[in-house]
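Peer 1: Structure below; questions to follow.
The values are calculated or read from the model by the stated rules, or taken from the named source; none is laboratory data. Quantities reported herein were computed from a predicted structural model and do not represent experimental measurements. Cβ atoms come from the backbone with ideal geometry, glycine included; neighbour counts cover every protein chain shown. Heads up: the accessible areas ignore ligands, DNA and RNA and are worked out on the full protein's heavy atoms, side chains in. Shrake-Rupley method; radii C 1.70, N 1.55, O 1.52, S 1.80 Å.
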Amino acid sequence: MIDFRVPVQIAVVWLVMALSAVVVGWLVLFGFFVESAALVAIGMVGPFAVVFLIGTFTAGGSPLTATAPRRIGWAALVTVFGLVGAVFYTSVLEASEPAKPPSWLSIAGIGVPFALVAAMLAHGWAVRLVAVGVTVAAVAFGIWLPGTMPTDDAASRIAHAKLPGGVLLIATPEGYDFPRLTIAEGRANLDYSPNYGPNGANGKLHAFPRLVVLPATVETTELVYRPDPTDHVFVRRMGDVEAVAVVSDRADVEAVREFVLSVRPATDDEVRRLLPRAPDRRDRDVLARFANTWGRLF
């Protein structure tokens, strides 16, 4: 017969610790960031107290929660080893960048190590063995997964560059060299120079047109023309960003419209030409990240 006090205790530990990560997790993260074991310990005082209360109200879920003195030890084990598991989980997420799970899944995942520790300490050998098996499988999967990802790709370069909207937009008008990209103040600027080769005469945008990509400010997805004394300025919203074409007013306005309408996400090859490789992309060693995280505290 199933003792429902066991799954209730495990589920409450998982839920409460996941929520605790939202409330006090910032202090623990700050402690790791400034390499202060004291701050990390202070940040875990609250979760320890909450775990102790969980053991008090679900005393029948584990032999270690039957009495108050035992609950102190149980709460300490769940808190300490749960934190170790949570650090391993975040190491896996960091090593897997730029791939990221949804934020709600990241929060839910933080509570899983604490729940697994509680399951290992619960009543019933079957529950304990399943918890150990799940833990071993999760650790093996977490070590293996980042190693299956490429050492370099367009997504990692875009994520490292911190482009507006997390996307690299580009246009390649005829008669102009491949653009030069600069990123500053939350904007991506693409500057074009005329190609003075055989096709140079075909450039319809005159000298040095510019494309600026920034967080969207217009509501409509229709083209918006902004009056300017010296340039044609067209704005085109694309998702969470907008592409602003700035072209000399000597150019034909229809050519400028075609220019901004030709803006598209860059291909992988174009991303590699415009953006540098993410410097930490090769660091896929989860165990090294995990050890370094703890090593900074001691």
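Peer 1: Among helices (runs of 4 or more DSSP H) lying entirely in segment 1-88, which contain 2 or more residues that are under 27 Å from the mean Cα position of the chain (by Cα), over 28 Å from Leu287 (Cβ atoms) and modelled with pLDDT of 90 or more?
Peer 2: 5-33
Peer 1: Select, from Ile158, Ile170, the only residue that is within 19 Å of Leu261 (Cβ to Cβ), crowded, with 16+ Cβ neighbours inside 10 Å, touching a residue at least 40 places away in the same chain (Cβ under 8 Å) and within 26 Å of the chain's Cα centre (by Cα).
Peer 2: Ile170
Peer 1: Report yes if Leu93 is part of a helix (DSSP H, G or I), free of Cβ contacts under 8 Å to residues at least 12 places away in the same chain and under 12 Å from the mean Cα position of the chain (by Cα), otherwise no.
Peer 2: It is false that Leu93 is part of a helix (DSSP H, G or I), free of Cβ contacts under 8 Å to residues at least 12 places away in the same chain and under 12 Å from the mean Cα position of the chain (by Cα).
For every residue, the table says whether it meets (1) under 29 Å from His232 (Cα atoms); (2) touching an Asp or Glu at 6+ places or on another chain (Cβ under 6 Å); (3) in contact (Cβ under 8 Å) with a residue 40 or more places away in the chain.
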residue: Ile107; (1), (2), (3): no, no, yes
residue: Val132; (1), (2), (3): no, no, no
residue: Ala137; (1), (2), (3): no, no, no
residue: His206; (1), (2), (3): yes, no, yes
residue: Leu214; (1), (2), (3): yes, no, yes
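Peer 1: Tell me which of these Thr151 doesn't satisfy, since it passes every other one: (1) more than 18 Å from Val244 (Cα to Cα); (2) part of a strand (DSSP E or B); (3) among the hydroxyl-bearing types (Ser, Thr, Tyr).
Peer 2: Tallying (1) more than 18 Å from Val244 (Cα to Cα); (2) part of a strand (DSSP E or B); (3) among the hydroxyl-bearing types (Ser, Thr, Tyr), Thr151 fails exactly one: (2).
Peer 1: So Ala131 fits all but one of (1) touching a helix residue (DSSP H, G or I) at 6+ places or on another chain (Cβ under 8 Å); (2) at pLDDT below 95; what number is the exception?
Peer 2: Failed condition: (2).
Peer 1: Kindly provide the set of residues from segment 203-227 that are in a loop (DSSP other than H, G, I, E, B) and among the hydroxyl-bearing types (Ser, Thr, Tyr), ordered by number. Lay out the reasoning, then the answer.
Peer 2: Of the residues in segment 203-227, the ones in a loop (DSSP other than H, G, I, E, B) are 203-209, 216-223, 227.
Of everything in segment 203-227, those that are in a loop (DSSP other than H, G, I, E, B) and among the hydroxyl-bearing types (Ser, Thr, Tyr) turn out to be Thr217, Thr220, Thr221.
Results for (1) over 15 Å from Val246 (Cα atoms); (2) at pLDDT below 90; (3) open to solvent by 40 Å² or more (accessible area, probe 1.4 Å), shown as yes or no for each residue.
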| position | (1), (2), (3) |
| --- | --- |
| Ile183 | yes, no, yes |
| Tyr196 | yes, yes, yes |
| Gly200 | yes, yes, no |
| Leu205 | no, yes, no |
| Pro209 | no, no, no |
| Ala216 | yes, no, no |
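Peer 1: For segment 20-29, which residues satisfy the criterion of being in contact (Cβ under 8 Å) with a residue 24 or more places away in the chain and open to solvent by 50 Å² or more (accessible area, probe 1.4 Å)? Working first, answer last.
Peer 2: As a first pass, look at segment 20-29 and keep what is in contact (Cβ under 8 Å) with a residue 24 or more places away in the chain: 20-22, 25, 28.
If the condition is that a residue be in contact (Cβ under 8 Å) with a residue 24 or more places away in the chain and open to solvent by 50 Å² or more (accessible area, probe 1.4 Å), then Val22 is the only one that fits.
Peer 1: Only one of these conditions is not met by Asp249: (1) exposed (fewer than 15 other Cβ atoms within 10 Å of the Cβ); (2) under 22 Å from the mean Cα position of the chain (by Cα). Which number is it?
Peer 2: Condition not satisfied by Asp249: (2).
Peer 1: In segment 228-275, what residues are in contact (Cβ under 8 Å) with a residue 60 or more places away in the chain, assigned to a loop (DSSP other than H, G, I, E, B) and in contact with a Lys or Arg (Cβ under 7 Å, 6 or more places away or on another chain)?
Peer 2: Val263, Leu275, listed by residue number.
Peer 1: Determine which member of the set Pro98, Pro63, Pro102 is at negative phi and in contact with a His (Cβ under 7 Å, 6 or more places away or on another chain). Can you show your working first?
Peer 2: Values: Pro98 fails: in contact with a His (Cβ under 7 Å, 6 or more places away or on another chain); Pro102 fails: in contact with a His (Cβ under 7 Å, 6 or more places away or on another chain).
So the residue among Pro98, Pro63, Pro102 that is at negative phi and in contact with a His (Cβ under 7 Å, 6 or more places away or on another chain) is Pro63.
Peer 1: Can you tell which of Phe48, Phe4, Phe32 is closer than 29 Å to Thr293 by Cβ and open to solvent by 50 Å² or more (accessible area, probe 1.4 Å)?
Peer 2: Phe48
Peer 1: While we're here: What number of residues in segment 102-148 are within 24 Å of Asp283 (Cβ to Cβ) and outside any helix (DSSP H, G or I)?
Peer 2: Looking only at that region, the number is 2.
Peer 1: Show the residue pairs that are 6+ apart or on different chains and have beta-carbon atoms under 7 Å apart, the first residue being within segment 119-130 and within 16 Å of Gly55 (Cβ to Cβ), the second being part of a loop (DSSP other than H, G, I, E, B) and not hydroxyl-bearing (Ser, Thr, Tyr).
Peer 2: Pairs found: His123/Asp3.
Peer 1: In the set Arg289, Arg284, Arg272, which member is open to solvent by 70 Å² or more (accessible area, probe 1.4 Å) and among the basic types (Lys, Arg)?
Peer 2: Values: Arg289 fails: open to solvent by 70 Å² or more (accessible area, probe 1.4 Å); Arg284 fails: open to solvent by 70 Å² or more (accessible area, probe 1.4 Å).
One residue alone meets the criteria, Arg272.
Peer 1: Mind checking which pairs have a first residue in segment 30-48 that is over 18 Å from Ala18 (Cβ atoms) and a second that is part of a helix (DSSP H, G or I) and among the small types (Gly, Ala, Ser), Cβ under 7 Å, 6 or more apart or different chains?
Peer 2: Gly31/Gly43; Leu39/Gly31; Val40/Gly31
Peer 1: Could you grab me the full set of residues in segment 245-298 that are among the aromatic types (Phe, Trp, Tyr) and modelled with pLDDT under 90?
Peer 2: Phe298, the sole residue that qualifies.
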